[in-house]
Amino acid sequence: MEQLLIDYKQILSDYVVNRKEETLYNGQNYVRQLIQKNVAPEDVINIHRKAVEEIYTELPDSLSHAYDFLIEVMVQYGMKTREHQSLLIQKEELRIEMEIAARIQNILLNTTVPKIDQLDIGMISEPIRKMNGDYVHFLFDEEEDYLSIAVADVVGKGVPAALCMSMLKNGLETLEYGNNDPSYILQVLNRIIEKSVDDGMFVSSFYGRYDVNSSILTYGSAGHEPALYFNSKENAFCDLECKGLLLGVMPEVKYSQSNIRLEENDFIMIVTDGVTELRDCDVIDSRNLLKEIAFSIRHLPAQEMCEKIYLELQRLQDYNLEDDFTIVILKK
Amino acid sequence: MELNIHFRKINNVLSVFIEGEIDTFTAPKLREKLESIVISQERLIELDLSKVTYMDSTGLGVFVALYKNVTRENGNLKLVGLTARIKRLFNITGLSELMNIEVGAKVE
């Protein structure tokens, strides 16, 4: 500290006399010493004060008090600045971790839409934040000619939802081999999830199994928004109502299932509540809106329909959708 | 939009009046308030949702958590004054068959 004072006093007295650029440069170099020796801001002021007092011996006492005051202020300022910096560092660390988690989630939960001659499948799933709370799972069993579709929505966002989702995916993958009934699948998924989530968490899920040969879709729902069925012969939509409790609320729950046969040009839209729960818009209205849009573009391939509906709803909501958004369309 | 929560205790009924929008931002406040409720077998907890103007699935999560907690402690929970939109949410999720729910306006 003594050497720092001597150096500073030299630079300061030079500057007061000559006010040269060169002396300012020396001042800059001096800062390096300060940083190397980890000198706090308030100590720098103390050095300055001592230097001033040594250069000008006849200073009024009040100036010395003014320095005392400044030093006090700088002590506080230094503390706050360090606190702020450490918070910024923590925040940055968290951000990086979230990004890694989101990347892992994307790899884990990556959905590929199967290509089947007898059924046109489209899908869109857009997360509102980095991690998607919606999940779509397809499995096509070529030997049995069955296509399974699960569309799930995990309540809650971020990391807990992502962990829950991985559990769901693992459950689905273990279960799906073999021709299982949707009611059975939902029952087992419920058991898996109920055991492992905390109280406020649950999953809603639509589960369907499509028999490629008979064109029959067998489906069940665990508290999920009813899927929409378009009957091309009658040019009308109807809800695929199928009651069932959310996954993860109660330990032993039985689920029912229903069948529907798809005819040429019929299609089924499975959505999550991000599509129908639009704020300032009644659910019934938003479902009607969805039907209207889908009806007007029903001649398009399923994938294009999904994309167009997303763009249109986004536009109608002023690009301000509030939830993860997922639509799956199965079209014969 | 603010979320307001008031409690009123009359004999063995604890009424909770919830007013406003329940979404991702307000749900933590509601959860905290509901978690502070003392659950006992003799007491009925009655949530009045007639002034809830919007609720998403995060809000549903708060009620599911309370329901689980109350069931564990052998307490009694009732939801009253549900608007059509909120009732629909409970219907679709299958919760209306599990929980004690009363629709429509409640006489004060």
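Taking a straight Cα-Cα cut-off under 23 Å and skipping sequence neighbours fewer than 8 places away in the same chain, the lysines within cross-link reach of residue A:80 are A:37, A:91. Sequence-distant contacts, meaning Cα pairs under 8 Å at least 6 residues apart, place the relative contact order of chain B at 25 percent. For chain B, the pair-distance distribution built from all alpha carbon pairs, in bins 10 Å wide starting at 0, is 15, 53, 31, 1 percent. Per residue, the protein assembly as shown exposes 52 Å² of solvent-accessible protein surface, assessed with a 1.4 angstrom probe and all protein chains in place.
Shown here are the Rg and Dmax of the Cα trace of the protein assembly as shown, at 31.6, 104 Å. Sparsely packed loop sites in the range B:14-47 (the GluC sites (Glu not before Pro) outside DSSP H, G, I, E and B with at most 13 other Cβ atoms within 10 Å) comprise B:42. When you filter the chymotrypsin sites (Phe, Trp or Tyr not before Pro) in the range B:1-98 for DSSP loop state and at most 12 other Cβ atoms inside 10 Å of their Cβ, you are left with B:25. Here the translational diffusion coefficient of the range A:1-70 follows from Stokes-Einstein with Rh set to the Kirkwood radius across Cα pairs; for 10 °C and 1.306 mPa s it amounts to 125 µm²/s. Looking at the range A:67-170, the GluC sites (Glu not before Pro) that sit in a DSSP loop and have at most 15 other Cβ atoms within 10 Å of their own Cβ are A:142, A:143, A:144. If you bin all the Cα-Cα distances of the range A:253-305 at 5 Å, starting from zero, the percentages per bin are 4, 15, 21, 20, 19, 14, 7, 2.
Partners of residue A:331 within straight-line reach, counting aspartates and glutamates whose Cα lies under 13 Å from its Cα and excluding those fewer than 8 residues away in the same chain: A:117, A:120, A:263, A:264, A:266, A:304.
A simple charge model with +1 on the Cβ of Lys and Arg, -1 on the Cβ of Asp and Glu and nothing else charged puts the dipole of chain B at about 140 debye relative to its Cα centre. Straight Cα distances below 23 angstrom link residue A:332 to the lysines A:115, A:233, A:291, A:308, with same-chain residues fewer than 8 positions distant left out. The dipole here belongs to the range B:12-75: it is taken about the Cα centre, uses +1 on the Cβ of Lys and Arg and -1 on the Cβ of Asp and Glu, and is about 160 debye. A dipole drawn for the range A:2-92 from +1 and -1 charges on Cβ atoms has a positive end, and of A:66, A:18, A:81 the residue lying farthest that way is A:81.
The values are calculated or read from the model by the stated rules, or taken from the named source; none is laboratory data. Model, not experiment: these values are computed from the prediction. Cβ: placed from backbone, ideal geometry, glycine included. Neighbour counts: every protein chain shown. Keep in mind that these areas ignore ligands, DNA and RNA; they rest on the heavy atoms of the full protein, side chains included. Shrake-Rupley method; radii C 1.70, N 1.55, O 1.52, S 1.80 Å.
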